[in-house]
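The values are calculated or read from the model by the stated rules, or taken from the named source; none is laboratory data. Fair warning: this is a prediction, and the values are worked out from it, not measured in the lab. Heads up, the Cβs are rebuilt from the backbone with ideal geometry, glycines too, and the neighbour counts pull from every protein chain shown. Only protein heavy atoms, including side chains, enter the accessible area calculation; ligands, DNA and RNA are left aside. Shrake-Rupley method; radii C 1.70, N 1.55, O 1.52, S 1.80 Å.
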Amino acid sequence: MKKFHKLTVLLLAALVLGTACSKQDEDTAETAKTEILTNVFRGTGIDLPAEYSINTGVKPYYDAETGEMTILCVHGYESDTVNEDGYNDYIRENILLTVDKNNTVIAEQKLELGDNVYVNNGVLTADRLYYVHYTYDETSMKETYYAAVYNTADGTAAMSGDLTGLFTPTDGGWFYVEHIAVDGDGFLYLTAEQEILVLDGAFVKQFSVTSQNWISELAVSADGTVWAAGYFDSGYGFVPIDKGTKSFGETVELPANLNANQYL
């Protein structure tokens with residue numbers, strides 16, 4: 001009986017200690033989890049109207065005061081008109097949606113950019129859409145790129161001429177305008193391969209800067225400075241574009257386990 005009593009006491013003691021250790025382990029894990037996840041945010045979904053899709057090539061505009069975000073969407077649908085090939089014409093509209101902090105669509109605006117114009121890449125500000133698009137000539141099999149600014153307040157638009165001649169010619173002849181950003185003064189920054197072209201608000205070339213490697217991404221900091229991400233002379237990271245010196249500034253290098261493109 002004594003042996004049974006001692007065994008019971010030992011089992012109870014083990015249970016209490018095990019529970020305490022388990023609770024301590026949970027507290028430690030919770031503390032570690034909190035420290036690891038500091039400043040990490042999880043995205044939440046937005047319920048879009050039917051036949052709408054987000055144009056992920058256009059950076060949204062976020063209003064920090066109201067918590068509202070403006071995004072560019074594509075509304076695609078088949079019209080009732082049948083073309084010469086016997087198919088219904090496919091219509092593609094560019095729609096601005098304003099979403100509040102509860103992810104509810106509170107405003108919708110159709111942009112008159114032209115018939116079936118697709119915005120390859122762009123950036124939204126409080127009252128402008130800066131974007132790049134191209135036309136394709138089937139005879140010459142050549143693409144022509146343009147930069148454009150659309151005033152979302154009054155519907156007016158301005159467009160550049162062919163951008164190709166403003167970039168340094170490439171040996172291979174391949175050309176593609178990949179990224180666009182706008183600084184605090186309204187200057188446009190456009191990338192093609194390793195070159196960043198800078199235009200003023202009237203699409204007049206100011207200067208260009210060239211990296212030895214491809215530009216991964218462009219982004220604008222709170223003070224209106226445009227930064228490029230990629231591999232630069234001093235390493236992989238971010239580098240500001242200095243309009244005063246018309247050159248790259250000092251590279252901010254990143255740890256090897258961080259991807260600059262994803263970080264932006």
Under Karplus coefficients 6.51, -1.76 and 1.60, residue-wise ³J(HN,Hα) of region 94-108 in Hz, glycine/proline x | 9, 10, 8, 10, 9, 10, 7, 5, 9, 6, 9, 6, 10, 8, 9
When you count, for each residue, the other Cβ atoms within 10 Å and take the mean per peptide, how do 106-116, 88-98 rank with the highest first?
-> 88-98, 106-116
Estimated dipole of region 82-233 in Debye, rounded to 20 [Cβ of Lys and Arg +1, of Asp and Glu -1, Cα centre] = 300
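Given a 1.4 angstrom probe, what's the average accessible area per residue across region 56-109, in square angstrom?
On the way: 3410 Å² over 54 residues.
Accessible surface, normalised per residue, equals 63 Å².
Starting from 0.36 nm per residue, how many nanometres of slack lie between K205 and A64 once their C-alpha separation is accounted for?
On the way: separation 141, 0.36 × 141 = 50.76 nm, distance 3.22 nm.
My answer for the length gained is 47.5 nm.
Relative contact order for region 65-136: what percent, with Cα pairs under 8 Å and sequence separation of 6 or more?
Working: 118 pairs, mean separation 17.7, N = 72.
Relative contact order here is 25 percent.
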Of K110/K246; K142/K205; K110/K243; K59/K205, those spanning more than 30 Å from alpha-carbon to alpha-carbon | K110/K246; K110/K243
On the accessible surface of region 63-200, probed at 1.4 Å, how many percent belong to carbon and sulfur atoms?
-> 44
